[in-house]
Every structure is written in structure tokens, then in C-alpha cells.
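Novice: Have a look at this one before I ask anything.
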Amino acid sequence: MNKRLLLTLTLWAGGMLSSFAQNTLNLKECIDLALKNSNRLKAENYSVNAAGKSAEIDYGYSLPRISGELATENRFLQPYNFGQIQAYVNADWSLGDFLLKKGAAAHQNIETERLLRQQTRLNTVGKTSAIYMAVLLLDKQKEIYKTRLSFLKKHYALTQSLWKAGIKTQIDVLQTYSEIVKIQQDTVEIAAKTQALKVELAHITGLKNSDGFSLKPFSMKNIVDGIFPVVDTQLINKNPLILAYNSKIETQNLRVKESSAQKYPHIFAGGGYVKDADPTGDGNYWRVNTGIAVPLYYGDILNRNIELSKIKREELVWQKREVQRQLTIKLEQITAKLHRLRELISLQEKQLEIAKNTLELSEVNYKAGLITNLEFLVAQNGYVTTRLSIEKSRLDYVMKLISFYVITGSIDKIEELGTQY
């Protein structure tokens, strides 16, 4: 074969293999991709931009409004007719909008939209992390089942040999084989669940192929042993929802102030040139005017607008307090759950040590003919079940920890879980 052709084929094959090679993503990388590809976050970027434009529009009301006028007028009198051409420039300036900073409330609304977007970021991080952790748990279960399956196959071969030698019965062989099939069934179910979660994660992160990536594991045991968050109800005040309510309340305060602007006078001024064709007049002339318009009576509209803003402000204050209450309850519940999980995991680890010793003794006793095959399988199943229970408890602990960080607005601490443990 031509050396150049061989080299080309080699490079092509290498490129194909690299394209099919799996990428291993850590938690932070998944979070970054999810934030980058979130349709909701992209939509809320436009909400922030729209709030900015609204602020610019409102600010424009505090500036003088200048208009131009060009008109023609014809007059028909009994002895004669004549025409006039007028060109004017007029300015109208609301002192209230200027002095009370019209547009400040709309500008504050930009901050509200940014904080709401931050809450969406937190929700996206929480959901992505939850799926990531669930996949890691399933991978751990698959690893445990794989180890047990290997052990069962060796035990199955041993049981067959003992049956053929007349030491064990065929029931012992069938019992062992039944456990092998059950493990295989559980493995298939785990694979299906893992694939479903990876499909969801692929859509969230914008990855095209759910089979084209794997997730980097980290030690949940180290997290359980090393992290217990300091509970401080003041941390709730860092939650974007609470900060957004503060911003909304401030907006209504500014609305109250802006509503008073209509009580202030308007200043107007203008000037222009009149081309006068009246044969009896003095000819063309300049015209200048200035004045002030003072609001005298607008019914009760002004006071009603102020009252409306105050009512909305009080509504937001109580809504904020209710959110604070619910978040405080949730934070305290999470903290209590973390305490209980630590105690539970400690007991499960002791139980695992007992189950391990029981399994080792059962294997020796089974080979010595002191216990039945079923008793040995029960001991083995107890050991595996305890291992799985510990892994589930550790996952639950990490998920509760993530919920704690979501409530307190700590994205950086969530990302650290995947890089420092």
C-alpha cells in the first residue's frame, strides 16, 4: 500500500476515534454548560435589557420636551384676503419629574430583574447538580452490583462443582443462579435510569450526544465527613428572592416619590417667526412666549396614585416576610436532616462492618457445610444492601447540602464540591 495513503488512513482513523472518545465532565463544567445553554436565562437577559430601555424612557420625561411647529393660515376678510406663515419652537419642562428624578423607579427595576435572573441561575445549578449526583449514585450502584455479580459467578461455579460431587443439591445451584439473574436485571434497570438521566443532562447542558460524555466521580464520603454548614438565618438575606423583594420595595418607595411630581408646575417657553401678508399690518414679526402652568385640580387622581404605590409597597413587605419565613423553615429542616443523616451514616457504617464479618464467616461456614446456600446468599445480600444504603444516605446528604447552598445563594460552594473532593 502507498505510504501516503496509509498515513492518510491512519490520521483519519485517529480522528474518528478521538471524535467518538468520551469527554469526562466534572460538576463545574456541567454547571457552566447548563448556565450557558439555559433558554430561560437567555430570555431573562432580554428582560434585564428591556428594563434598561424602560428606565431610559422614563428618564427622558425629566428632560425638557421641545417641539417644532410650522403652519400656514389664510384669512378671508370683506375688503381683502391675506395669508400668514408661522414657524415656532416650543419647550415644555416638568419641574416635578426633574426634581424628583423621574426614572429612578424604572432604573431600580433593572436591579430587580437581575436578581430574579440570579435566582434562575441558582435553580439551574441546583437542578443540574441533582441530576449529576443521581448519575454518580447509579454508577456506584452499578459498580457494587458488578462486584457482587463477579463473586456470585465464582460461587455458582463452586456450587455446581459441589452439586456434581454430591455435596450440594441442585436447589443450591438454582438459588445461586436466581441471584445472578436478579443482579443482571437490576443492572439493566440501572443502565436504563442512567441513560434517561444523561439524556436529560445532555439537553440541559447543550451536549448533542448523551453517550458521548461521562461524569467525573468524587468522594461523597469526604463531603459527609468534611462539610457541615454553619447555620445562620441571616444567610437567608443573601437569597436572590429576598434581595429582589428588597429591590421591589425600593421601587415602590420611588414610585411614591414620583407620583408627587404631578403636583409641581410645568415651565414652558417658545418662540418663532411669523410671515404676515396683511396689507394693513406692520409686516413680518418675531414672537416669544414664556410661562408657568400650575396644577390646580385633577380630581383625586394624584393622591390615589400615591396611595396605590404605598399599598403595593406594604403588600411586597408582607410577601417578603412570608418568603423569609418559608426559607427559614426549609433551612432549619435541612440542617436537622443533615444532623440525622450523619448519625444514620455512622450507624450504617457500623452495620456494614458487621455485615462484612458475617459474610466472611458465612463463606467459611458454607464451605465447611455448616450453613445452607440460602443462608450464605442472605448474608451476601445483607452486605450489598448495606453498602447501597450507605451510598444513598451519602447522596441524600450531598443533595441536602446543595439545597442549603441554593437557599443561601452560594453557587461557588456547589461548584467546589466537584473539584475539591
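The values are calculated or read from the model by the stated rules, or taken from the named source; none is laboratory data. Please read these numbers as outputs of a predicted model, since none were measured by experiment. No Cβ is skipped: glycine too gets one built from the backbone with ideal geometry, and neighbour counts run over all protein chains shown.
Novice: Out of everything in segment 239-255 that is within 21 Å of residue 404 (Cα to Cα) and not hydrophobic (A, V, I, L, M, F, W, C), what residue ends up being farthest from the chain's Cα centre (by Cα)?
Specialist: If we filter segment 239-255 for residues that are within 21 Å of residue 404 (Cα to Cα), which is where we start, we get 239-245.
Restricting the remaining residues to those that are not hydrophobic (A, V, I, L, M, F, W, C) gives 239-240, 245.
Working: 239: 12, 240: 11, 245: 18 Å.
Within segment 239-255, the match that is farthest from the chain's Cα centre (by Cα) is 245.
Novice: Separate question: Enumerate the pairs (first residue in segment 69-84 and at negative phi; second residue anywhere and assigned to a loop (DSSP other than H, G, I, E, B) and not acidic (Asp, Glu)) with beta-carbon separation below 6 Å, excluding pairs fewer than 6 apart on the same chain, so at least 6 apart or on different chains.
Specialist: 82/277; 83/277
Novice: Same structure again: Here is a list of conditions, (1) within 30 Å of residue 407 (Cβ to Cβ); (2) surrounded by 12 or more Cβ atoms within 10 Å (Cβ to Cβ); (3) at pLDDT 80 or above; (4) among the aliphatic types (A, V, I, L, M), and residue 89 meets all of them except one; can you say which number that is?
Specialist: (1)
Novice: Can I ask one more? Please indicate, with yes or no, whether at least one residue in segment 59-71 is touching a helix residue (DSSP H, G or I) at 6+ places or on another chain (Cβ under 9 Å), loosely packed, with under 14 Cβ neighbours inside 10 Å, among the hydrophobic types (A, V, I, L, M, F, W, C) and modelled with pLDDT under 75.
Specialist: yes
Novice: Looking at segment 101-154, which of its residues are among the charged types (D, E, K, R), in a helix (DSSP H, G or I) and in contact with an Asp or Glu (Cβ under 8 Å, 6 or more places away or on another chain)? Break it down into steps so the answer makes sense when it comes.
Specialist: Restricting attention to segment 101-154, the residues satisfying the condition of being among the charged types (D, E, K, R) are 101-102, 111, 113-114, 117, 121, 127, 139-140, 142-143, 146, 148, 153-154.
Narrowing the set further to residues that are in a helix (DSSP H, G or I) leaves 111, 113-114, 117, 121, 127, 139-140, 142-143, 146, 148, 153-154.
Correct list: 113, 117, 140.
Novice: Just to check your reading of the model, which residue among 371, 329, 390 is within 24 Å of residue 174 (Cα to Cα) and free of Cβ contacts under 8 Å to residues at least 60 places away in the same chain?
Specialist: 371
Novice: Among the numbered criteria (1) surrounded by fewer than 17 Cβ atoms within 10 Å (Cβ to Cβ); (2) modelled with pLDDT of 90 or more; (3) not small (Gly, Ala, Ser), which one does residue 208 miss?
Specialist: (2)
Novice: Do we find that residue 150 is within 43 Å of the chain's Cα centre (by Cα), surrounded by fewer than 18 Cβ atoms within 10 Å (Cβ to Cβ) and under 30 Å from residue 35 (Cβ atoms) in this structure? Break it down into steps so the answer makes sense when it comes.
Specialist: Values: within 43 Å of the chain's Cα centre (by Cα): yes; surrounded by fewer than 18 Cβ atoms within 10 Å (Cβ to Cβ): yes; under 30 Å from residue 35 (Cβ atoms): no.
For residue 150, the condition - within 43 Å of the chain's Cα centre (by Cα), surrounded by fewer than 18 Cβ atoms within 10 Å (Cβ to Cβ) and under 30 Å from residue 35 (Cβ atoms) - is not met.
Novice: Right, next: Restricting attention to segment 274-300, which residues are surrounded by 10 or more Cβ atoms within 10 Å (Cβ to Cβ), modelled with pLDDT under 75 and not in a loop (DSSP other than H, G, I, E, B)?
Specialist: 293, 298, listed by residue number.
Novice: Out of the residues in segment 32-48 that are within 20 Å of residue 419 (Cα to Cα) and touching a residue at least 12 places away in the same chain (Cβ under 8 Å), state the one that is surrounded by the most Cβ atoms within 10 Å (Cβ to Cβ). Before the answer, list the steps.
Specialist: The initial filter retains those residues of segment 32-48 that are within 20 Å of residue 419 (Cα to Cα), namely 32-36.
If we keep only those that are touching a residue at least 12 places away in the same chain (Cβ under 8 Å) too, we end up with 33-36.
Values: 33: 19, 34: 23, 35: 17, 36: 11.
The residue in question is 34.
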